[in-house]
Structures are given as structure tokens and as C-alpha cells.
Amino acid sequence: MPALVPRSKDYESSTPPKLAYSWGSYVAVVSVSAANVTSEHHGMTQESEPSSESQSLLLPSLASNSNNNNNNNDSSRKKDEAKRLNFIQLLEWNAGSNIVSLHWVDHNIVLMLTEEQRLLALDVIEGIETQVYGAAPSRILSQPWISLATGNEAEPQYTYTVQAHRRRLYVLTSNEILTGKLLNWSQRLINLIADNDFVGAIVLATNLYKGTFSQVVVGLPHSSGPRITSSPTACNNLGLLQTRWSASGRGSSVEDVKRQEIVRPRLTELVKASLKYAFARLPASQHATATATAGNYQRMSRDTYIDLLKACIDAGLTIEDLTLLFEDVFDAYSETDDTTGMFIRVLESYVLDGHISYVPPSVLDAFISYYSTLDDCRERLGNCLMHLDLIAGEFDVDKVLAKCKKLHLWGAYARVWLRTLDDAVVALQDILDYISSSQGVQEEKYIEEARQ
């Protein structure tokens with residue numbers, strides 16, 4: 001793959017050329033860089049070879065030095081410029097089966113054809129492999145030219161039956177020519193939406209934003225990925241200057257920021273559109289087929305609504321947009337008591353896990369109203385209140401204290417007094433009064449039982 005000079009000013013330097021080669025199931029990708037080397041010599045005597053640690057290839061310059069000779073006629077020494085090619089190993093990969101053909105799709109994606117006639121796309125930056133096509137055995141044509149020319153049995157050749165040109169793939173079979181291309185990330189989202197798989201689309205967009213995708217992605221800046229170690233190791237038998245990947249140091253980079261800027265608005269739009277579709281009221285003719293527990297607007301199963309809610313919450317937390325989470329998502333799910341219960345129960349797990357530590361007053365009121373009506377869920381309300389940051393002035397303190405006292409949630413009751421009101425005396429007094437009254441009631445119960 002030749003070097004690329006970017007058209008955008010956002011990229012400061014060109015992309016170096018890359019070389020991919022394979023042997024059996026082994027695939028390797030190296031990056032090629034060139035450096036100017038100045039050598040002083042008499043006649044054709046060249047400077048000493050580079051050290052064994054670098055093992056680079058030194059190419060003499062073919063440019064004429066006539067101008068230099070005219071300007072330095074009195075000097076018996078000349079300076080010639082040469083190019084030193086350094087080969088840096090970017091990736092080693094085991095495809096699991098023998099590779100019979102390699103083609104570059106673009107500067108970061110290699111197309112591999114295996115002997116089982118599977119077409120695999122390999123992202124050489126992310127180290128991700130994706131199968132893009134699986135043909136029946138012997139369907140893709142091979143050329144027996146070596147066997148015909150030598151009379152000896154040889155492995156089949158696929159040089160001209162599988163090709164990649166301008167990011168399109170061409171495959172020649174026995175009776176047809178197949179063509180296609182790798183879908184970019186936006187087209188993949190559109191296809192999922194067309195299939196009404198909003199959950200899958202949101203999950204994919206969220207992973208694209210985080211850079212945790214598990215398939216080859218086209219059309220987005222690559223994530224920062226594994227870092228390259230600064231000190232190269234010794235050269236291998238092929239004379240390549242090897243620089244191993246280091247799994248540590250993964251973090252934000254310019255490419256990460258650019259990718260997130262591209263995906264974020266699409267992810268936000270996708271969440272809102274999914275909620276609008278999921279909670280759009282059905283026509284009167286379809287009311288009989290609607291989900292019975294959710295009124296006349298649901299068109300998906302209950303489990304799908306829960307999965308959609310989890311995907312929306314994950315998306316909101318990933319892009320750190322609490323407005324999307326507590327306004328758009330909460331408003332949509334607060335349409336009915338059933339969907340409100342979905343939201344509260346799903347959100348509870350995020351609170352207890354520490355992913356969410358603050359909720360606005362409207363959501364807190366929904367928490368208290370929902371769990372206080374269920375006798376077996378009162379302790380869960382207390383656990384949530386123990387994990388939330390209750391900030392004075394941002395919620396109804398009297399209402400929360402009254403509900404905690406009524407439901408005997410003394411841990412949450414004391415926490416509000418201590419953390420929010422900075423007063424431990426009142427909380428301690430109320431708890432002691434409750435203990436005393438409970439003991440008095442218990443003693444009266446024992447006396448009455450003794451009398452009977």
C-alpha cells in the first residue's frame with residue numbers, strides 16, 4: 001500500500017507506506033519509513049554499514065551531484081545523500097488457516113482469502129478480523145498455470161480471481177462475477193434501523209464512540225489502539241526492525257476525539273428516534289395487537305423495551321449526557337406506570353453499581369413513589385438513597401425525610417441529616433425514640449401474652 005498524503009489540514013503528516021505478506025496462516029504487516037543518510041567517501045567508498053540493531057536497507061541516491069561538484073571543485077571529498085529504509089513491524093496475525101491471496105482494500109484494511117475460500121477483512125491498526133464472505137468449496141476460480149507450465153502439482157493461484165479496486169471487492173466464480181464493498185459505519189447503522197433493530201443500532205453506535213467495536217469499521221478515524229514501544233527489539237531473520245505492540249498506555253488521542261465528535265450527534269439522534277418510534281401511538285386498528293401492559297402505543301415486546309432502555313442508559317452515560325438520560329429517556333418511559341417501573345428497576349442497578357450517583361428531583365420522586373408502594377421493595381429504596389448524592393436545594397428534603405421515617409429506612413434517614421443538613425443530633429434523637437417506642441410496644445405485647 002503506497003503512502004498517502006492527506007487532503008485535510010487536520011492531519012499534520014502523510015501516512016507511510018505499508019507492506020503485508022503471509023506464509024501459511026501467518027500474516028505480518030510492516031510500515032516502511034525512509035531517512036536521509038549523508039555519507040562522505042572518496043570515489044565509490046561508502047560509509048560503514050548501519051549497526052546490527054537497526055538492520056535497515058541503504059539505498060544510494062540516483063540524483064545528480066553536478067551542482068555540488070561545481071560548487072566544491074577544490075574539495076577532494078564529496079557528500080552524497082542516500083535513503084535508509086526502516087521496516088517497523090506493525091502487526092502479526094494468525095488467520096487460523098492458510099492464506100492464498102492478500103489484497104489491500106484501503107490503507108488500513110487487508111483482504112485475505114483462505115484455502116477454504118473465506119474472505120476475511122483484517123484491520124491492521126486495530127487488530128480486528130471480520131469475515132465478509134464465505135464461498136462454497138471450489139466456487140472461486142483458481143488458475144493452474146504453474147501446474148500446466150511445469151507439469152508438476154502446485155497449489156492453486158488466485159492472483160486474478162479475487163481483486164480489490166477503489167475499496168470494492170471483485171470475485172470471479174465459475175459462473176458469475178461477485179462484487180461488493182465494505183459498508184461504512186453509517187451505512188451499517190442505517191441497515192439496522194431499516195430492520196427495526198434500534199437496540200442493535202444504539203449498541204453499535206455506543207461501541208463506535210468508545211472504540212470498543214469487534215468488527216472492521218470503515219469511515220471513522222481509528223482509536224488510539226495499542227501503543228508502540230519506543231525501543232525496538234533485535235531484528236528477526238528477515239532483517240526487519242521489529243517494534244512490538246504494547247497493550248499498555250491506551251488512552252485518548254487526536255483520532256479518538258475526532259471519532260467521538262463524528263459519532264456523538266448520530267448516537268444522540270439515534271436514541272431520540274428510537275424512543276419516538278417505540279412510544280409512538282398505534283393506529284386504532286392495531287390496538288388489539290399492542291402489548292397489553294403498556295396501553296395502545298407499544299409495538300415491541302416487554303423484553304425489547306427493557307433492552308432498549310439499557311442501551312439508551314449506556315449511551316447517555318458513555319457520552320456523559322445526563323440531559324438525554326433524565327429528560328428524553330425518562331420522559332418517554334414515564335408514560336405509564338408499567339414503563340415507569342421498568343425505568344426505575346433498570347436504573348437501580350446502575351445506581352447500586354456506582355455508575356450513576358445523581359438523579360434530578362423528578363427521577364428521585366419517581367423512585368420514592370414507586371418503591372414506597374411495594375412492601376418488598378422498601379429496602380431497595382433505602383439502598384438507592386444510600387448510594388445517591390443528595391445535594392441540599394436540589395430535592396425536597398422534608399419529603400424524603402418523612403418517607404424514610406415512615407418506612408423505617410433509618411440508614412438513609414441518618415445519611416440525609418448528616419450529609420445534607422449536617423445535623424446528627426436530630427437523627428440520633430429520632431432513632432433512639434423509635435427504639436424506645438419499639439421496646440415499649442414489645443413489652444406490652446409480652447405482658448398481654450402472659451395474661452392470656
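Where a number appears in this text, it was derived from the coordinates with a stated rule and is not lab data. This structure is a prediction, so every number in the text was calculated from the model and none was measured. Here the Cβ positions follow ideal geometry from the backbone for every residue, glycine too, while neighbour counts run over all protein chains shown.
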Which one of Gly316, Gly341, Tyr358 is farthest out on the positive end of the charge dipole of segment 294-380, using unit charges on Cβ (Lys, Arg +1; Asp, Glu -1) and the Cα centre as origin? Gly341
I need the GluC sites (Glu not before Pro) found in segment 293-392, filtered to DSSP loop residues with at most 14 other beta carbons within 10 Å of theirs. Glu320
Within the set Lys272/Lys310; Lys83/Lys258; Lys276/Lys310; Lys18/Lys83; Lys83/Lys181, which residue pairs have Cα atoms separated by over 26 Å? Lys83/Lys258; Lys83/Lys181
Sorted by packing (mean other beta-carbon atoms within 10 Å per residue), highest first, where do 173-180, 389-396, 338-345, 162-169 land? 338-345, 162-169, 389-396, 173-180
Applying a 10 Å radius around every beta-carbon, put 83-92, 427-436 in order of their mean neighbour count, most first. 83-92, 427-436
Each label point is 7 Å from the Cα along the Cα-to-Cβ direction; what then is the distance between the points at Leu418 and Asn196, in nm? 5.2 nm
